[in-house]
Structure formats: structure tokens, C-alpha cells
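Take a look at the structure below.
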Amino acid sequence: MKQKVYRPTLDDVERISLGKGARKRGTGSRYVCHRLNQEERRLFDLAKSNNYLVIKGTAYRRRRKGSPLCNTFRQRCDALEQLYVVIEKYASGDIVKIDFSTLRVRDDTSHVSRVWKFLKDKYPEAMECATNNCRDTTKAIDWEVIQNKAIWNAEPRLVVIESVDRSVAKSIAEDVLMETFAYMEEHTPDNAESGGDQTSDNKSLMKNEDIGVDSVNDALKNGIDWNDI
């Protein structure tokens, strides 16, 4: 039987991206930046369509002491019980980061191994740059945090592929997500955890993808000063 874990609602993800308070306690924090500016909003909407995020460098904003865009999209991936995949663009070659923490499982070994093998088989050259970059997957998972806390409390569980061509990076992101979606639909692991009814509600809302549109329009009408974010 699946154990329930903490997950945010899609509506609350949209709300905190606009600087509003979340309805579900603990989703946001004044110490973790989530409010998006106009350019970040555009990239966030694109990421929602693609299911992975593309950013320039790390998208770090000095004034906010973090990356609102990365934090918000990671929350969305958590809500939808899917991998958080981000492509960081650099002139010398892009970096693909695959974060398994958003699956919220006690043991992600089978997930990491499956993705690693899939990538090694399909992208052997690119994976030569990933041999020593399977970061954070050997550390013990803090189950108390994973089960009960917002995802920004959890350490990322990363597979990192460095110095890849942009077209290859996008193919990797798309293929990893498709492979993972298919696997999770066909094989529910014994160690999988569930957000319960909340996860089902989130996925139903995602199909409509009207989520957040009214909130965004309201915020724009109310004249948020994006330069002050």
C-alpha cells in the first residue's frame, strides 16, 4: 500500500509564483524565492508545455539570493510527481540536470539505475561526460523531509550530464521524461509513495491547464511592479 507524502497543489504553485500566499500551509517560505518576473513567467509557461525547464546558466538572481524560476518549476514537478529536469545553457556546452527528489520515494535506486542505463544505451558519447557526475544519489534519503516537508527542504538527488550540444540536451530531457512516464504508468514500484487524492487532482488540473491563468491575469491587472521583484 502506498504511503501518502506531502505535495503542493498546482494552484498554490501558481499563487506563490505571483507572490501570493499559498492556501496549503508550508508550501512557500519568505526565505525561499518563488515570485517570477515577466521573463521568468515566459520561461515557466514554456517549461509547463515541455515538462522540462531551459534556463541561461543557473538563472540565479542576486537580489533574490536564489532562482525563483528553478524553485517554482521544481515545486510544479513535485506536485505532478514527476522528475525535475532542467537544461542550463552555456556557450561551452549545455548541462542537463535530472533531479529524482520530486518522486518522493524511500529508495530511488531503481529509478536512477533505469534512467542511467537508458541514457548510456542511447547517448553513449554524451554520457562520457556524466561518468563522475551522478551526484547526491549515494546519500541516504531523509525520509522525514521527503514525507512531510515542502520540496525546497529536500536535497536534490541529481544525475548531471555536462558539455552537451543544445539539440542533444533537449533530446535527452524529452527522452528521459518519456521513458520515466512510461515506466511509472506500467510499473508502479513497491517503494513508490503517493500524494494521495492531491496528486490525482493535480494531474487532472494539468490536463485542463487553465490553472493559474486567472491568477496571472488578475496579477497583471493589479499592476505588479515586476522591476521590484
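The values are calculated or read from the model by the stated rules, or taken from the named source; none is laboratory data. Values in this document were obtained by computation on a predicted structure and should not be read as measured data. All Cβ positions, glycine included, derive from the backbone under ideal geometry; neighbour counts span all protein chains shown. In case anyone asks, the SASA skips ligands and DNA or RNA and just uses the protein heavy atoms, side chains included. Shrake-Rupley method; radii C 1.70, N 1.55, O 1.52, S 1.80 Å.
General remarks:
- What the Cα convex hull of region 1-141 gives, in volume per residue, is 144 Å³.
- Point-charge dipole on Cβ atoms (K/R +1, D/E -1) for region 1-105, about Cα centre, debye to 20: 540 debye
- Cα-Cα over 20 Å, subset of Lys4/Lys24; Lys139/Lys170; Lys24/Lys149; Lys48/Lys89; Lys97/Lys170; Lys48/Lys117: Lys139/Lys170; Lys48/Lys117
- Solvent-accessible surface of region 3-43, averaged per residue with a 1.4 angstrom probe and all protein chains in place: 53 square angstrom.
- Considering only Leu36, Tyr84, Ile55, the residue lying farthest towards the positive end of the dipole of region 1-158 is Leu36, judged by Cα position with unit charges set on Cβ.
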